[in-house]
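As C-alpha cells, the structure follows; a few thoughts come after it.
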Amino acid sequence: MVAIIDYDAGNIKSVEKAVNALGYEAVVTRDRSSILNAEHVILPGVGAFGDAMKKLHSYGLVEVIREVVANRTPFLGICLGLQLMFESSEEAPGVEGLSLLKGRIVRLPDTEDLKIPHIGWNSLKYPNSGRLFAGIPEDSYVYFVHSYYLQAGEPEIVKATTEYGALVHASVEKENVFACQFHPEKSSEVGMKILENFLKIEG
C-alpha cells in the first residue's frame, strides 16, 4: 500500500490516480498508523511553504514523517513536498522545514526572458546516478510548476538538475529519501517511469 499524505495541499488527486494507474493501491490519509504501515509514502503538494508547515504541524504529521524516514520506508516528496524536506525557504523566513536533508529553498532569479513561476517542460541532466532515473535517458523532459528552487547542502544527493535562470536541483536521493521538484504524475511516460522506479524500491 502507498500512503499519500493529506495535509490540504493541492495536487493530491493526480498523484493518487498515477499510483493507481501503475497498479498500486494508494490511500490518501493523515492517519498515523496508515502512514507508518505503508510500504511507500509520498508527500505531494502545491502551495506556500509556511502554510504547508503549519498544516503539517497542526495535523501532527511532522513527527510521523520523521518516523517514516527513520523506519527506512521509501519516502518521496513532490514539488512543494521536496521543498518542505529541507531546512528553510526564502518564501517563509523564520519557518523551519522538516530538515530531513540539508539545504535551503530560494526564489528563482528575475530575468527579462524567463517568467516566474516557471511553468512548463524542461530537460534533465544527471550529475550523479539516481535510482529514480533508471532506464530514463538524460535530457528527458519533465513538467515543472514553481517559483522557488532547491540549493542542496550536499552535492552528492543531487541526482537531476535543470536550468531556469539558475541551476535548479530538480531531484535528490539519500538512502530511503527521494524528492522531485517537477511533477512526475504530470510528466507523461517519463514521469510514470520515475514513479514506477520509486514504487519498486524496497524498504
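The values are calculated or read from the model by the stated rules, or taken from the named source; none is laboratory data. Small disclaimer: the values here were computed from a predicted structure and weren't measured. Please note: Cβ atoms are built from the backbone with ideal geometry, for glycine as well, and neighbour counts cover all protein chains shown. In case anyone asks, the SASA skips ligands and DNA or RNA and just uses the protein heavy atoms, side chains included. Shrake-Rupley method; radii C 1.70, N 1.55, O 1.52, S 1.80 Å.
Considering segment 12-31 alone, what residues qualify as being open to solvent by less than 50 Å² (accessible area, probe 1.4 Å) and of a type in the set (V, I, T)? Explain how you work it out, then say what you get.
Of all residues in segment 12-31, those open to solvent by less than 50 Å² (accessible area, probe 1.4 Å) come to 12, 14-16, 18-19, 22, 26-27, 29.
Selection gives I12, V15, V19, V27, T29.
In the set Y126, Y141, Y149, Y59, which member is open to solvent by 10 Å² or more (accessible area, probe 1.4 Å) and under 15 Å from the mean Cα position of the chain (by Cα)? Explain how you work it out, then say what you get.
On the way: Y126 fails: under 15 Å from the mean Cα position of the chain (by Cα); Y141 fails: under 15 Å from the mean Cα position of the chain (by Cα); Y59 fails: under 15 Å from the mean Cα position of the chain (by Cα).
Residue meeting the stated conditions: Y149.
Residues in segment 184-203 that are more than 19 Å from A3 (Cβ to Cβ) and touching a strand residue (DSSP E or B) at 6+ places or on another chain (Cβ under 7 Å): K186, S187, V190, G191. For E96, the conditions (1) open to solvent by 50 Å² or more (accessible area, probe 1.4 Å); (2) touching a Phe, Trp or Tyr at 6+ places or on another chain (Cβ under 8 Å) all hold with the exception of (2). For segment 153-160, the criterion of a residue being open to solvent by less than 10 Å² (accessible area, probe 1.4 Å) and either within 29 Å of S34 (Cβ to Cβ) or at pLDDT below 95 (or both) is satisfied by at least one position. Checking each residue in segment 62-78 for being within 13 Å of N37 (Cα to Cα), open to solvent by less than 20 Å² (accessible area, probe 1.4 Å) and not hydrophobic (A, V, I, L, M, F, W, C) picks out T73, P74.
For I119, the conditions (1) open to solvent by 80 Å² or more (accessible area, probe 1.4 Å); (2) β-branched (V, I, T); (3) assigned to a loop (DSSP other than H, G, I, E, B) are fulfilled apart from (3).
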